[in-house]
Amino acid sequence: MARFLLISLRNNPLRCISRVQRRPLARQCQSIFQLEHTRFIQKEATHDEDIPGDSSQNKVLSFPDEMKKYTFEDPFQIFEESCTLLKDQPPKRLEFEVGQDIVVYGYIGKRKDMRSNFSFCPFEHKDSKADFQIVSQWDDPDSRQYFAHQNLKAIPSYSPVMVMGTVQESKQTATDPLVEAKGLSKVELKLQYIRCLNTFPKDVAVSKDTVWPAKSRHMQLRFDPFLRDRLFFRTWVKRSLVHILSTQEFLEIETPILFKSTPEGAREFLVPTRRQGYAYALPQSPQQYKQTLMAGGIQRYYQFAKCFRDEDHRADRQPEFTQLDLEMAFATGREVMDLLTMMVTTLFTRLHRHWKIVEINGIRHPVRIKEMVGKRDSLETPASPETGLADEINTPEISNRFPRPKPMTIMTYEDAMGRYGSDKPDLRIELPWASNIYQIGENGKGLPSRFTQMISDLQDPVVEGFRFRLYDSRPSESVKFIREFMDNLPNTTLKIGPESVPGVFVYDSSKPLYGLSALGHDGAEVLNDMEDSWPQCEDGDIIIMHARNDEPLSGGSTELGRIRTALYWAAVKQGLIPENHEFKLLWVHGFPLFSPTGDEVGQGGTAGICSTHHPFTAPLNDEDFKNLKTDPLKVRADHYDLVINGVEIGGGSRRIHVAEVQEYVMRDILKMTDEGVSQFSHLIDALRSGCPPHAGFAIGFDRLISVLLDVPSVRDVIAFPKTNRGEDLLVGSPAKVTPEQKKTYHIFEESDIKPTTE
Ligand code: ASP
């Protein structure tokens, strides 16, 4: 075999494909490579006598119909021939050398006819291992190249084909930025034979940047290599996470999709059955099953679970989504947080090692680092949370590697809400651009009441503020920017109530009282006295103040927090402060166990409160447990959320593992009805059977991928996403129920029950 290779290389002195050249194949593989992946035709097949073993593999490759013009009007014929071709010439892993004849499957692109006997045609190989171009040329009308040429011209662009051609060095100079970024070898195939495997419609116009309607998602997938790459990235991340969990002895267990309705917190989807009056519900998460697994003696569980929530279609939510769900027996919340910290840092380390980010037409896009393709790194040593390093990075210098995150930050819910006005702050919003939020004066009550009354109708409110700086900090620029921002303040999305308006100042040393005259001398003095906490103001600094009720903070954000975030992004969008592509990771913990019910679906209790996370979450400590009865809104939960760049990537909690406590919370605190509690009887029974203490977590997997890739929507990382109205326009779901189905599944419409009296 070695002898054959030597002779082959001597006779084919042209360069090998770079991948083959750089990474010599193991001896054992060489024979497979040569025998299986190369087919020799007449002229080139001169080495038959040198090849030991199965000489039938090296027969001249010819096709009985190669000297025929091909007609493929008959779809039945295309179907039959495609099946035969794939059976006789099954697609192989592609390894080849210049000068060899190979059979490849893929799509042809738009052909360019240079002369009547000479054309170029892009060819997209099914594995995208190289950037192919078909070169079709004939000199003799009795040659197979002549017939191949005619056939190529007859096949509609973008059709799937089988091609047999001779590998040539490419003379292509035109470059596609994505192909360049991937460093794909450019390869020409001198056309010998081509067959169409199905026809692409001639009346469909395709251009490079076409955005296809949602109804044609398959076209978007087919013609948007960026989308396909993102799906590949998603698979890669999923595999990495599974690998990490398998080193930690987690068991992958699938739980049922046909569940039952329970008041866990979100609105569910019901699945009618043929049994009158009975329905399944789709799980909003596998929460109750995973806790039951803990009662069943499973120590560590995980699964990639589909979850279903019939939410109002708020921005960028999907009615069905994927969670990486996990649970650990005999574990505290802290242990779960440590495990997740290790998982996420290890994942980032692997991303940094294997991926780079390239910018193409202003879009940041992930590309595998070529040297690392096919290489695995050891996950035996998990990443240390302090350094974020799994092991030594031992790979070539590449400047645009996937960024590593800053070390994990941890803060309480109270701190997050107080300092950032958000329970999922984006820590990239920071100095020198934006200060934290501070209470103005002691406890936010230091400003003169004449000013407070100017900005708010509230009685004795707390006034908070933050300072914001632009890159070009001339006061005139700041005034222009902030005026435009305030004029266009999107009150609806920012939900700014009527009780308070933001007080806005631009610090300017050339103005009386530095531009703070609305505060008066005494008010300006209060700001001055805050120098320890409030960073020293400079000319052009924007100061925004806002009043709120003097109550403990609750919910997901404050009005001032929303303004701060919106202001930051407005400035980034206008290029007035630089964009920051770092990853900032944060744990927020100690959330309130309950929240006022408000618009939430909740657990249907009559106490006016509902569980902030879900009703199975345990109070944080003894003191919180004691407060359950007397002051439930004050009780903190052993509940933790993982936040990356202002997006909640996942959440989890330690659970109530004793049945009596679980019932107490449901009945006595949430004031759920007997019926409501009985819907959880399976879980309460499981807890009663000596269930160990346990805690867990779920990563919103779609969300994680969209944050890692910095794309605006989870739809960009889901193959078949649903619209804002929860519809899949490709298949047309949800679909209208037919009269037949209504009968079978006992579905009635209001009009069926109460005939209209007209
Ligand atoms: N089931 C929870 C959720 O879907 C996650 C957990 O508490 O483990 O958010």
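The values are calculated or read from the model by the stated rules, or taken from the named source; none is laboratory data. On a predicted model such as this, the values are computed, not experimentally measured, just so you know. For neighbour counting, all protein chains shown are included, and Cβ atoms are generated from backbone atoms with ideal geometry for every residue, glycine included. The area values use the complete protein model at the heavy-atom level, side chains included, leaving out ligands, DNA and RNA. Shrake-Rupley method; radii C 1.70, N 1.55, O 1.52, S 1.80 Å.
Return the carbon/sulfur percentage of the accessible area of the range 255-350, one whole number, probe 1.4 Å, all protein chains in place. On the range 255-350, the fraction of accessible area on carbon and sulfur atoms equals 53 percent.
Helix-only arithmetic for the chain: the sum of -39500 (n - 2.57) across DSSP H runs with n ≥ 4, divided by the residue total, places the mean residue ellipticity at 222 nm at -8500 deg cm²/dmol.
Taking all protein chains as present, what is the carbon and sulfur share of the accessible area of the range 694-758, in % to the nearest whole number, probe 1.4 Å? Let's see the in-between values first.
Values: 2200 of 3970 Å².
Of all accessible area on the range 694-758, carbon and sulfur atoms account for 55 percent.
Farthest towards the positive end of the charge dipole of the range 604-713, among the residues Phe625, Ile609, Leu687, is the Cα of Phe625, using unit charges on the Cβ of Lys, Arg, Asp and Glu.
Fraction of C-alpha pairs exceeding 16 angstrom in the range 479-588: 69 percent, rounded to a whole number. Normalised by the number of residues in the chain, the mean separation of alpha-carbon contacts (under 8 Å, six or more apart) gives a relative contact order of 12 percent.
Annotation for the range 216-271 versus the range 147-182: alpha-carbon center distance of 35 Å. Taking the accessible area of the range 596-691, probe 1.4 Å, and keeping the other protein chains in place, the carbon and sulfur fraction comes to 49%. Label-to-label distance for Lys69 and Asp316 is 5.6 nm, based on points extended 7 Å past Cα in the beta-carbon direction. Computed as a quarter of the hull surface, the mean projected area of the alpha carbon convex hull for the range 290-337 stands at 4.4 nm². Modelled spin labels at Gln150 and Glu749, positioned 7 Å past Cα toward Cβ, are 5.9 nm from each other.
Return the subset of Lys370/Lys406; Lys573/Lys634; Lys260/Lys736; Lys238/Lys370 for which the Cα-Cα distance in this structure is over 28 Å, preserving the input order.
Details: Lys370/Lys406 26 Å; Lys573/Lys634 39 Å; Lys260/Lys736 23 Å; Lys238/Lys370 20 Å.
From the list (Lys370/Lys406; Lys573/Lys634; Lys260/Lys736; Lys238/Lys370), the Cα-Cα distance tops 28 Å for Lys573/Lys634.
In percent, how large is the relative contact order of the range 567-649, given Cα pairs closer than 8 Å and 6 or more residues apart? Normalised by residue count, the contact order of the range 567-649 is 35 percent.
Compute, for the chain, the length of the dipole vector about the Cα centre, with Cβ point charges of +1 (Lys, Arg) and -1 (Asp, Glu) only. Units Debye, rounded to 20.
Details: 94 positive and 106 negative charges, 570 e Å.
The dipole of the chain has a size of about 2740 debye.
Using every pair of separate Cα atoms, the Kirkwood estimate puts the hydrodynamic radius of the range 109-267 at 19.4 angstrom.
In the P(r) worked out for the chain, what percent of Cα pairs fall beyond 43 Å?
Details: 130006 of 286903 pairs.
Looking at the chain, the distances longer than 43 Å represent 45 percent of pairs.
Dipole orientation for the chain: of the candidates His546, Thr71, Gln287, Thr71 has the Cα lying most toward the positive pole (charges on Cβ; Lys, Arg +1; Asp, Glu -1). Annotation: lysines with alpha-carbon distance below 23 angstrom to Lys202 (same-chain offsets under eight excluded): Lys69, Lys110, Lys112, Lys126, Lys153, Lys215. For the pair the range 404-473 / the range 594-619, the C-alpha centres are spaced 28 Å from each other. Here the label points at Glu531 and Val661, each 7 Å from Cα along the C-beta direction, are separated by 5.1 nm in the simple model. Summarising the overall dimensions of the range 141-215 from its C-alpha atoms, the Rg and Dmax are 15.5, 48 angstrom.
Using 0.36 nm per residue, how much length does the chain from Asp460 to Trp569 gain when fully extended, once their Cα-Cα distance is taken away?
Extending this stretch completely gives an extra 36.1 nm.
Of all DSSP bridge pairs formed entirely within the chain, close to 90 percent run antiparallel.
Let me test this: with uniform point scatterers at the alpha carbons of the range 610-758, what is the Debye-based log₁₀ I(q)/I(0) at q = 0.13 1/Å? Debye output, listed in q order: -0.90. From largest to smallest, the equivalent ellipsoid semi-axes obtained for the range 585-640 from the alpha-carbon gyration tensor read 18, 15, 8 Å. With the charge dipole of the chain set up from +1 on Lys and Arg Cβ and -1 on Asp and Glu Cβ about the Cα centre, the Cα lying farthest toward the positive end among the listed residues His243, Phe118, Leu270 is that of Phe118. The residues of the chain expose on average 50 square angstrom of accessible surface per residue, using a 1.4 Å probe on protein heavy atoms.
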